[in-house]
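Below you'll find the structure, written out as structure tokens, and then a few comments.
The values are calculated or read from the model by the stated rules, or taken from the named source; none is laboratory data. Source: prediction; values computed, not measured. A quick note on method: Cβ atoms are made from the backbone with ideal geometry, for glycine too, and the neighbour counts reach across all protein chains shown. The area values use the complete protein model at the heavy-atom level, side chains included, leaving out ligands, DNA and RNA. Shrake-Rupley method; radii C 1.70, N 1.55, O 1.52, S 1.80 Å.
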Amino acid sequence: VQLQASGGGLVQEGGSLKLSCAASGLTFSDYNMGWVRQALGKEREFVAGIRWVGGATYYADFVKGRFTIARDNAKNMVYLQMNDVKPEDTAVYYCVAARFIQHIRQVSSGVNYWGKGTQVTVSS
């Protein structure tokens, strides 16, 4: 199984960035997908999640209204559109897959698969 995240980079405060995640080696429709981030010296934290069934979305409070998660089941892709980014959004962003959405929201050991991550750096 591979979750290949891309789209990270350096962006100025207030700018936008779109992360993409290409999933392979798994039955995409069996998994809820999400994004988790880890800043230097900090714990991993939930950012956003999206259900396979129904497409319901979930967000951490600190990204509500700024970030949008979406998935394209035909292409086995999941995206994170990041708008109005802030320096505190600087982190490595990981694409994750889990059979239960709460495992993503809780960043628990129940997350089935992790991608390698993509670095997002927001300059002030």
Note on segment 80-93: residues farther than 18 Å from Gly115 by Cα and either open to solvent by less than 70 Å² (accessible area, probe 1.4 Å) or touching a strand residue (DSSP E or B) at 6+ places or on another chain (Cβ under 7 Å) (or both) are Met82, Asn83, Val85, Lys86, Pro87, Asp89
Of everything in segment 13-38, what is of a type in the set (S, T, N, Q) and either open to solvent by 70 Å² or more (accessible area, probe 1.4 Å) or on the phi > 0 side of the Ramachandran plot (or both)? Give them in sequence order. Thr27
Cβ-Cβ below 8 Å, separation at least six or inter-chain, first residue in segment 84-108 and at pLDDT 95 or above and outside any loop (DSSP other than H, G, I, E, B), second open to solvent by 30 Å² or more (accessible area, probe 1.4 Å) and among the acidic types (Asp, Glu): which pairs? Pro87/Glu13
Just the residues that are assigned to a strand (DSSP E or B), out of contact with any Lys or Arg (no Cβ under 7 Å at 6 or more places or on another chain) and open to solvent by less than 30 Å² (accessible area, probe 1.4 Å), please, taken from segment 53-79. Phe67, Ile69
State all residues of segment 39-52 that are surrounded by 13 or more Cβ atoms within 10 Å (Cβ to Cβ) and closer than 20 Å to Lys64 by Cβ; if no residue qualifies, say none. Ala39, Arg44, Glu45, Phe46, Val47, Ala48, Gly49, Ile50, Arg51
Does Leu3 qualify as being aliphatic (A, V, I, L, M), in contact with a Cys (Cβ under 6 Å, 6 or more places away or on another chain) and open to solvent by less than 40 Å² (accessible area, probe 1.4 Å)? yes
Select from segment 94-118 the residues that are open to solvent by 40 Å² or more (accessible area, probe 1.4 Å), closer than 22 Å to Lys18 by Cα and touching a Leu at 6+ places or on another chain (Cβ under 9 Å) and list them in ascending order. Tyr113, Trp114, Lys116
